[in-house]
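See structure below.
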Amino acid sequence: MDPREIKRILVATDFSESSQEAVTTAIAFARAFSAQLQLVHVMVEPIYPLPAPLEVVTLPVDVERLYAAVDAQLTREAARATTAGVTCEKVVLNGRPHVELVTHADKTRTNLIVLGSHGRSGISHAILGSVAERVVHRAHCPVLVVPFGRGGKPAKT
């Protein structure tokens, strides 16, 4: 892929420190390629599996308040992008993050997906899985995974 063809960049954020690094990187790429940035947050309904006969419990959540908090966070991230001279849109999706991110990227003809990596390993990675890893395996466009805590510095060898 010719980098000059990158015109739509999707950056996923869960508002963690690692996703803030991904947003910073995505803004830099968007500036370099004169690309539009999509700030995407995927909301996951808090569902907990229980033994029969209950099977599934959904926790009560003030959805309006939750959406307002997510929108406020996305607005702060979007302000960083617009201050840097990047055209930016905010998107809130619902569902499984890796599925929603890839589906949205396909639907919007995204040229590059940027994600942060929490850097989990061992049992934590096995239990929680990795959204970044799942997106990499399913995406139809290039995916850039920004490692957490390196601050843009190369890994030590």
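The values are calculated or read from the model by the stated rules, or taken from the named source; none is laboratory data. Predicted model only: the values in this text are computed from it and were never measured. Using ideal geometry, Cβ is built from the backbone for each residue, glycine included, and neighbour counts are taken over all protein chains shown. Accessible surface areas use protein heavy atoms only, side chains included; no ligands, DNA or RNA. Shrake-Rupley method; radii C 1.70, N 1.55, O 1.52, S 1.80 Å.
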Check your understanding: What length, rounded to one decimal in nm, is gained on full extension from TYR67 through to SER34, with 0.36 nm per residue of separation minus their alpha-carbon distance?
Key -> 8.9 nm
Exercise for review: Determine how large the accessible area of VAL131 is when every protein chain is in place; take a 1.4 Å probe and give Å² rounded to the nearest 10.
Suggested key: 60 Å²
**Study point:** Förster-model FRET efficiency, 22 Å R0, VAL99 and ARG76, C-beta, rounded to 0.05
**Key:** 0.25
Check your understanding: Roughly how many Å² of GLU21 are accessible to a 1.4 Å probe, to the nearest 10?
Key -> 50 Å²
**Study point:** Residues VAL91 and GLU17, FRET efficiency given R0 of 25 Å [Cβ-Cβ distance, rounded to 0.05]
**Key:** 0.75
